[in-house]
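The values are calculated or read from the model by the stated rules, or taken from the named source; none is laboratory data. Everything numeric in this text was worked out from a predicted model, so none of it was measured. Cβ placement follows ideal geometry from the backbone for every residue including glycine, while neighbour counts extend to all protein chains displayed. Heavy atoms of the whole protein, side chains included, go into the accessibility calculation; ligands, DNA and RNA do not. Shrake-Rupley method; radii C 1.70, N 1.55, O 1.52, S 1.80 Å.
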Amino acid sequence: MARAGDEIYNPVQQDRILWRRTARDTDGELLSADLFVSPGGSNPMHVHPRQEERFKAVSGSLGVQVRDERRWLMEGEGVIVPPGTPHRWWNDSDDDEAHVSVELRPALNSEVFLETLYGLARDGKTDENGAPNLLQQAVTLDGINRGEIYLASPPVPVQKVILAVLAPVGRLLGYRDHYQRYSGVLGQGAGGAEPPSTTSVVARGAVLVGSLLAVSVLLIGRARRRNKG
């Protein structure tokens, strides 16, 4: 569980988050943190349908795109991103880390989402861009983070359909929307103690495929018997 003064680290993107005020500190009204973005670090265009996000540069320079407008925040400069507005950030410096303060209103489950994302990166369970596999993403975004964050494209209704299809499969294979290993939270959603191993996912997948094949054979057999009758 996030606590003011704690820091989480993403070794893939080499970004750090230092919690300032958590959901527990503010009764869910605000999540604030210091974000340290390494040279070359960035994230994709995304939206928070239910949250306002504020950035203010402390040191270095952070590029921020809000809809089609791009700007670079220097020390003391800030920007407010209204709910539902596509945006992203990046650090195009070759040498200097960008330090910005970030606020999300309301807090919702953002800290658990970020702890999960950074924890998976630390355990080598993401790709070179720091993204978990598609089934883990679907389970997380359909669970603890439902309705809180989406990519800017494809359209959100399309993403909801994709999540609705993939998330149940991910859960059957052992993925959970968050893990006690990273956030210490088990009381929300369908959290697990730790992510499933590749071996357990493959084993569950084999059982699932075998069960589907057995059911298919049974149904085909019944259909053939009925046709003969």
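Only a single criterion out of (1) outside any loop (DSSP other than H, G, I, E, B); (2) over 23 Å from M1 (Cα atoms); (3) open to solvent by 20 Å² or more (accessible area, probe 1.4 Å) is not satisfied by A167, namely (3).
Checked across the range 36-43, the condition of being in contact with a Leu (Cβ under 7 Å, 6 or more places away or on another chain) and surrounded by 17 or more Cβ atoms within 10 Å (Cβ to Cβ) holds for at least one residue. When the range 76-110 is filtered for residues that are modelled with pLDDT of 95 or more and among the charged types (D, E, K, R), the ones remaining, listed by number, are E77, R88, E97, E103, R105. Would you check if there is a residue in the range 6-15 being over 21 Å from E148 (Cβ atoms), touching a helix residue (DSSP H, G or I) at 6+ places or on another chain (Cβ under 7 Å) and not aliphatic (A, V, I, L, M)? Yes.
Number of residues in the range 19-35 that are surrounded by 15 or more Cβ atoms within 10 Å (Cβ to Cβ), out of contact with any Leu (no Cβ under 8 Å at 6 or more places or on another chain) and of a type in the set (D, E) equals 1. Among the residues of this structure, R54 counts as one that is under 27 Å from V156 (Cβ atoms), in a strand (DSSP E or B) and open to solvent by 20 Å² or more (accessible area, probe 1.4 Å). Against the condition assigned to a loop (DSSP other than H, G, I, E, B) and within 23 Å of L172 (Cα to Cα), how does N145 come out, does it pass? It is true that N145 is assigned to a loop (DSSP other than H, G, I, E, B) and within 23 Å of L172 (Cα to Cα).
Here the range 140-149 is the region considered, the condition is being open to solvent by 20 Å² or more (accessible area, probe 1.4 Å) and in contact (Cβ under 8 Å) with a residue 12 or more places away in the chain, and the residue that is nearest to E53 (Cα to Cα) is I149.
Listed by first and then second residue, the pairs with beta-carbon distance under 7 Å, at least 6 apart or on different chains, first residue in the range 155-177 and of a type in the set (D, E), second open to solvent by 40 Å² or more (accessible area, probe 1.4 Å), are D177/G189; D177/A190. Filtering the range 19-71 to residues that are of a type in the set (A, V, I, L, M, F, W, C) and under 18 Å from L114 (Cα atoms) leaves W19, A23, L30, L31, A33, L35, F36, V37, M45, V47, F55.
Across the range 72-88, the number of residues qualifying as more than 22 Å from R105 (Cα to Cα) and outside any loop (DSSP other than H, G, I, E, B) comes to 1.
When the range 110-139 is filtered for residues that are open to solvent by less than 20 Å² (accessible area, probe 1.4 Å) and touching a helix residue (DSSP H, G or I) at 6+ places or on another chain (Cβ under 6 Å), the ones remaining, listed by number, are V112, E115, T116, G119, G130, P132, A138, V139. Hey, any hits in the range 151-159 for a residue that's part of a helix (DSSP H, G or I), closer than 22 Å to P86 by Cβ and open to solvent by less than 60 Å² (accessible area, probe 1.4 Å)? Scanning the range 151-159 turns up at least one residue that is part of a helix (DSSP H, G or I), closer than 22 Å to P86 by Cβ and open to solvent by less than 60 Å² (accessible area, probe 1.4 Å). Filtering the range 170-179 to residues that are part of a helix (DSSP H, G or I) and surrounded by 20 or more Cβ atoms within 10 Å (Cβ to Cβ) leaves only G170.
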